[in-house]
Amino acid sequence: MTRCELSELSDKSYDVIVVGAGINGAGAAQQLTAQGYRVLIIDKSDFSGGATSKSSRILHCGLRYLAPGKSIWDFVFHPTKFFLACQNARKSMIARSDISSSMKELVRPFRFCFPIYKSGPYRPWQVDFAFKLLDMLGPHDNPLEYQRYSGKNLDIVPFKNWFRDHENLRSVSVFKDYQFVSAERLVVDTIRDAADMGATVRNYTLMQQAKHLGEGWHVTLKDVLKSEEVTVKAKLILNVTGPWGDQVNQTMKSGIPNKVIGLKGAHIVVKLPEEFSEWGTMVINRANEPMYFMPWHGMHYIGINRTPYDGNLDDVKTEKEEAEWLLGEVNYVFPPLNLQRKDILYSYAGIQPVTFDAIDPQGNREVVVHDLESEGLTNVLMLTGGPIMTYRLTAKELLKEVSKRCVPTLEKQHPSYGPSEVSQLLRNGKASSVSMNISEDILKRIIVEEQPVSLADILLRRTGLGWDMDQGESTAPKVANVMAELFGWDQQRKEDEIQLFHQHIKESYQRP
């Protein structure tokens, strides 16, 4: 997956150009290439540099889909909502089983707990029923191991005494779920497999403009790092750029109505007491939204707060007010913690792309493949929605829609859904942790094979070192030395790269 010069792509023809190399773009490129399509996948930044890398990283069982909203009667009076919820929950359970078995190196199981209060929105029987329903909907090969504890049995949960309002706490439900050790490596490995099957792959490459000239699309590509431009041809354009989807549409034709809404999700990262170690907690916050406390590199990240966002998509960060709100919710759930601003080690925020809904300012969770023919864009498809965990199902749906409009020109192949050799070496059998096994030899393979351009590419999106407690501060010089050796950087360039990385961490992750 070496990074070719942009000039090498000049005047080349493709069946499909996949614009956007997050998880859904990667999955689409893999499926399309396997089915014989000549594919080019590009991204204006790094692979998984957008929504994928700023998510809550949960390979979830789909419990959230079975939450009926304000009341259980929402499902009773609107059975179609219940049917859709069951469909989404089933997809989640299938994805949970599929990815946890095929990508064992990149996910890990953990214990997830959900407190049930007398004054809360859900009764114990409702939670019990939801998990029984999930078991029925799922493929039965990876049980949730659901248990609900109350009374003296609550001692099973080591941090039970930290919960608020003890006299009102009915019970705590505990189940097994999974966390993505590295959603970024999931993307890289999927793209690597597409490249191994023949896809052309290039990061830091912008679709500057596209014109339909009868026989197909003429697309101008720009190298973001060198400002070089070339033109390529394609039969079909697949817009899977997530929050940037509407902007990309405008480069092809102005005036296209919005299809996507960006919901900002902010997270804070803190060090919790030892009792919380390796446990995850899901609660319903005072905004009646799910909130997660997830173990992470010896810390916990806590989020999210979903709010519509119309700001600069390339400069998303957790604002002071958002961090204060999250702290308030944490201290409401676990009053003895009494966390303060100074306890935040770092923070991050991302944009969840959801499908535009004229009657709901927060959009809806439906995954939609839009055919933009009605908007005057022939052979252009756009994806809205699509969480990380169901990316393989989404990719197959995209393949189905592409095949209705475009015939493949190459032979079919068999995709690999397992981790790459590099991911296996990085993880080295560490099923219960999120740490990576880093060596100079592994770093050299990453630099040569996976198109990193900056320190941030390696530390945040290839190895996960940038998510440690010091966010890669101690390892940045070592990685820079290896990059300098292979890229031919002089001492000044190496020092500049280190400084740029530290500045990126300070500004984007609000590190003190």
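What follows is calculated from the coordinates using simple rules that are stated; it is not laboratory data. Just so it is clear, the structure is predicted and the values come from calculations on it, not from any experiment. Note that we place each Cβ from the backbone using ideal geometry, even for glycine, and neighbour counts take in every protein chain shown.
Give me the distance between the Cα centres of region 129-159 and region 272-330, rounded to whole Å.
Here the answer is 24 Å between Cα centres.
Which of the peptides 133-139, 479-485 is most tightly packed, and how do the rest follow, going by the mean number of other Cβ atoms within 10 Å of each residue?
Ranking the peptides 133-139, 479-485 by packing returns 479-485, 133-139.
So which trypsin sites (Lys or Arg not before Pro) in region 371-427 end up in coil per DSSP with only 10 or fewer other C-beta atoms within 10 Å?
Answer in residue order: K404.
In degrees between 0 and 90, to the nearest 10, how far off the longest principal axis of the chain does helix 79-102 point, with axes built from Cα atoms?
Its long axis makes an angle of about 70 degrees.
Would you mind telling me the antiparallel percentage of the DSSP bridges in the chain, rounded to 5?
Of those bridges, close to 75 percent are antiparallel.
Suppose the chain between T231 and K506 were pulled fully straight at 0.36 nm per residue; how much longer would it get relative to their current alpha carbon spacing?
Result: 95.3 nm gained on full extension.
First select every other residue whose beta carbon is under 12 angstrom from the beta carbon of G120; then total the charges, Lys and Arg +1, Asp and Glu -1.
Residues close to G120 contribute a combined charge of +4.
What number results when the radius of gyration of region 438-508, computed over Cα atoms, is divided by 2.2 N^0.38 Å?
1.00
So what J values fall out for region 476-488 if you push phi through Karplus, 6.51 cos²θ - 1.76 cosθ + 1.60 with θ = phi - 60°, rounded to Hz, Gly and Pro as x?
4, x, 5, 5, 4, 4, 5, 4, 4, 5, 7, 8, x
To the nearest 10 degrees, how steep is helix 23-34 against the longest Cα principal axis of the chain, on a 0 to 90 scale?
50
I need the phi-derived Karplus couplings for region 321-335: 6.51 cos²θ - 1.76 cosθ + 1.60, θ = phi - 60°, integer Hz, Gly and Pro marked x.
Karplus-based 3J(HN,Hα) across region 321-335 equals 5, 5, 5, 5, 5, 5, 4, x, 5, 4, 6, 6, 6, 10, x Hz.
What is the angle, in °, between the Cα long axis of helix 183-196 and the longest principal axis of the Cα atoms in the chain? Nearest 10 is fine, range 0 to 90.
The angle comes out at about 30 degrees.
Taking θ as phi - 60°, what are the ³J(HN,Hα) couplings along region 6-22 by the Karplus curve (6.51, -1.76, 1.60), each to the nearest whole Hz, with x for Gly and Pro?
Karplus values, whole Hz, x for Gly and Pro: 4, 4, 5, 8, 4, 6, 6, 10, 10, 6, 9, 9, 9, 9, x, 10, x.
Compute the separation of the alpha-carbon centres of region 77-117 and region 359-423 and state it in Å as a whole number.
If we compute the Cα centre of each part, the gap is 20 Å.
I'd like to know which of L465, S432, L383 lies farthest towards the positive end of the charge dipole of region 380-467, counting +1 on Cβ of Lys and Arg and -1 on Cβ of Asp and Glu.
L383
Longer than 20 Å from Cα to Cα, which of K160/K271; K118/K152; K176/K430; K91/K400; K104/K400; K44/K226 are they? Say none if no pair is.
Distance filter (> 20 Å) returns K104/K400.
Check which residues have an amide H placed less than 5 Å from L59's amide H, if you skip close sequence neighbours.
So L59 has HN proximity to Y178, Q179, F180.
Out of residues 5 or more away from S171 or on other chains, whose amide H comes under 5 Å of its own, with H placed 1.01 Å from N in the peptide plane?
Excluding prolines and chain starts, which carry no amide H, the hits are I116.
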